[in-house]
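A short worksheet on the structure shown next.
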Amino acid sequence: MHQYLGAIGFSKLKDKEELQLMLEDVIHNPSNIVIYEHKEGSNFAELSKEVSSFMGIAVRGDFDKNKQFRMEYFFPYFLGKGITVYDEATIEKYSEKNAYAGICGDINDAMNVIFYLQNAVEYLNMVKHKKVIPVPDSCTFSGLARKAMILLPIEKDTGKSKKIEGGTSERTNLIAAAKEGDETAIEKLALDDLDIYSSLSRRVESEDLYSIIDSTFMPYGIEGDQYTIIGEIIDLSQQENQYTKEKVWIMTIYTNGMKIDICVNQNDLLGEPKIGRRIKSIIWLQGTINFPV
């Protein structure tokens, strides 16, 4: 059973029999069907069904010669809005199944972000019907959270915040230069990191860690598309799974310079979410790639 089903309101599925009934409902009564036809006559299909706005269950597999659908795997999904990152993305196929991952840089250009590709069938069709393979120019991220905890906000000094924003912009430029082999930029980044490490080492002796770290976005575990996040809540709403009636919180958070929409089951959230507060969680990062028009 998928560990992130609870994030979209399926936390009380008792066993595989209940799960199978739900998947059969998706297959026989889908909200949407997209199909990619291989040149040799086989196909790759995705059937999905919404359980609330922008979230649901997707089932992938193929149709046999008798037009009967054969499921390979399924996953819960949650669609983000807007554009998270303006950057070219590369697409890689997972080795163990017919699924795809997207890879692009984060907004600070400090690391590559790996996410589970939601619009894989659309991507395959785009590649098939174009003489030149298009390069995605932006990505929209979203996250499904298993557990989450609300943190109080950090008191911010307006003047200091502007100074930090300016420093962040300078660091982004330095990282870009370092990637091009600029030795001066590499040395400057190394010295900055040493200063940050020294400052943090002194502060943790007398301050709580969460009063120092405003936001974080770090890989979690060995699966490349899962991340530990801390971010500020900048938008907030609640939806109901129309089948289970479980409540799900939808939050837009600001973390590591990026705006990401995440969803978490109300039963898995510790604390009361409010705009301006922060959230700490482990998320499964999903996303869509956007092609230039």
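Exactly one of these conditions fails for PRO136: (1) open to solvent by less than 40 Å² (accessible area, probe 1.4 Å); (2) modelled with pLDDT under 90; (3) within 16 Å of ASP225 (Cα to Cα). Give me its number.
Going through the list (1) open to solvent by less than 40 Å² (accessible area, probe 1.4 Å); (2) modelled with pLDDT under 90; (3) within 16 Å of ASP225 (Cα to Cα), PRO136 breaks only (3).
Modelled with pLDDT of 75 or more, more than 25 Å from the chain's Cα centre (by Cα) and more than 28 Å from ALA148 (Cβ to Cβ), is that true of ALA178? Lay out the reasoning, then the answer.
On the way: modelled with pLDDT of 75 or more: no; more than 25 Å from the chain's Cα centre (by Cα): yes; more than 28 Å from ALA148 (Cβ to Cβ): yes.
No; evaluated as a whole, the condition is false for this residue.
Please determine, by comparing only the residues of region 86-107 that are among the hydroxyl-bearing types (Ser, Thr, Tyr) and not in a loop (DSSP other than H, G, I, E, B), which one is modelled with the highest pLDDT. Walk me through it before giving the result.
Step one: filter region 86-107 for residues among the hydroxyl-bearing types (Ser, Thr, Tyr), giving 86, 90, 94-95, 100.
Now drop any that are not not in a loop (DSSP other than H, G, I, E, B), which leaves 90, 100.
Working: THR90: 87, TYR100: 93.
Looking at residues that are among the hydroxyl-bearing types (Ser, Thr, Tyr) and not in a loop (DSSP other than H, G, I, E, B), I get TYR100.
Cβ-Cβ below 7 Å, separation at least six or inter-chain, first residue in region 229-255 and open to solvent by 70 Å² or more (accessible area, probe 1.4 Å), second outside any loop (DSSP other than H, G, I, E, B) and small (Gly, Ala, Ser): which pairs?
Close Cβ pairs satisfying both conditions: GLU240/SER52; GLN242/SER52; TYR254/GLY231.
Is it fair to say GLU72 is closer than 30 Å to ASN112 by Cβ, open to solvent by 50 Å² or more (accessible area, probe 1.4 Å), touching a Gly at 6+ places or on another chain (Cβ under 7 Å) and not polar (S, T, N, Q)? Give the derivation first.
On the way: closer than 30 Å to ASN112 by Cβ: yes; open to solvent by 50 Å² or more (accessible area, probe 1.4 Å): yes; touching a Gly at 6+ places or on another chain (Cβ under 7 Å): yes; not polar (S, T, N, Q): yes.
Against the criterion (closer than 30 Å to ASN112 by Cβ, open to solvent by 50 Å² or more (accessible area, probe 1.4 Å), touching a Gly at 6+ places or on another chain (Cβ under 7 Å) and not polar (S, T, N, Q)), GLU72 qualifies.
Can you find even one residue in region 142-158 that is modelled with pLDDT of 80 or more and either more than 20 Å from GLY231 (Cβ to Cβ) or of a type in the set (S, T, N, Q) (or both)? Lay out the reasoning, then the answer.
Here is the first cut: in region 142-158, the residues modelled with pLDDT of 80 or more are 142-154.
Now narrow it down to the ones that are either more than 20 Å from GLY231 (Cβ to Cβ) or of a type in the set (S, T, N, Q) (or both): 142.
Scanning region 142-158, I find at least one residue that is modelled with pLDDT of 80 or more and either more than 20 Å from GLY231 (Cβ to Cβ) or of a type in the set (S, T, N, Q) (or both), so the answer is yes.
Among what's in region 108-129 and is part of a loop (DSSP other than H, G, I, E, B) and surrounded by 14 or more Cβ atoms within 10 Å (Cβ to Cβ), pick the residue that is nearest to the chain's Cα centre (by Cα). Quick ask: steps written out before the conclusion?
Let us first name the residues in region 108-129 that are part of a loop (DSSP other than H, G, I, E, B), namely 108-111, 118-119, 129.
Applying the additional criterion that residues be surrounded by 14 or more Cβ atoms within 10 Å (Cβ to Cβ) yields 108-110, 118-119.
Numbers: ASN108: 16, ASP109: 17, ALA110: 17, GLN118: 10, ASN119: 13 Å.
Going through the qualifying residues, I end up with GLN118.
The values are calculated or read from the model by the stated rules, or taken from the named source; none is laboratory data. If you're wondering where the values come from, they're calculated on a predicted model, not measured in any experiment. Glycine also receives a Cβ, built like all others from the backbone with ideal geometry; neighbour counts cover every protein chain displayed. Ligands, DNA and RNA are stripped out before the accessible areas are found, and what is left, the full protein with its side chains, is counted by its heavy atoms. Shrake-Rupley method; radii C 1.70, N 1.55, O 1.52, S 1.80 Å.
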